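We did not get these values from a lab; they are worked out from the coordinates using the rules stated. All values reported here derive from a predicted model rather than from experimental measurement. Note: ideal-geometry Cβ built from the backbone for every residue, glycine included; neighbour counts use all protein chains shown.
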Amino acid sequence: MAVDRTRTLRGALAGAAAAAVWAAQQPLDQRVFDVEYDDVELLGRFVTNGRAAYPIGLAMHLANGAMFGALYANAARGLPVPGVLRGPLAGIAEHFATWPGTAALSRLHPAGDELPQLWGSGRAFAQATWRHVLFGAVLGELERRLNPPDSEPQPIDPAAAASNGHGSAEYVVSLN
């Protein structure tokens, strides 16, 4: 599959924006699900403890969203599902692929003993599911708007093209 740089960049932009929406709504979902888990803080505290953890974590979170969005933009159109479901399904797929890693989080993370227990918590799983569905929905819609279907290259009608790449004189004459 050929990678289109413009499509990839637009997908990265959509992914970063979706990650920003995720981060902005976390205080609300923490209240709704009664789980004090913050993805931005988790990422930032991998690198440092203290006041710099949140901005570093936010940068990492946005970069992760951008990378996922870039990949999504190049792969989504090939998924055999309706366009409106592609983003949320991609988000859920990522969630199910990464959730088992929370079992080792308390042992591997430098601040693991200070983080809420995620593995085995139904509320934490529901919260993470919500976040991934939201991320995927925002990503899918933004990417669809930034990379509309008509921006995809259209196949050339073989009757309209000659083997030399300049077109077929017979085809042009036949149009009259």
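Here are the numbers:
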{"quantity": "For region 54-106, the fraction of alpha-carbon pairs in successive 5 Å shells from zero, as %", "calculated": "4, 16, 20, 23, 19, 11, 6, 2"}
{"quantity": "Where only C-alpha atoms are counted, convex hull volume of region 82-142 per residue in Å³", "calculated": "82 Å³"}
{"quantity": "FRET efficiency, Asp113 to Ala93 (Cβ-Cβ, R0 22 Å, nearest 0.05)", "calculated": "0.10"}
{"quantity": "Taking all pairs of distinct alpha-carbon atoms in region 27-116, Kirkwood radius in angstrom", "calculated": "15.0 Å"}
{"quantity": "Dmax and Rg, reported as Rg then Dmax, of region 1-151 (C-alpha, Å)", "calculated": "15.9, 51"}
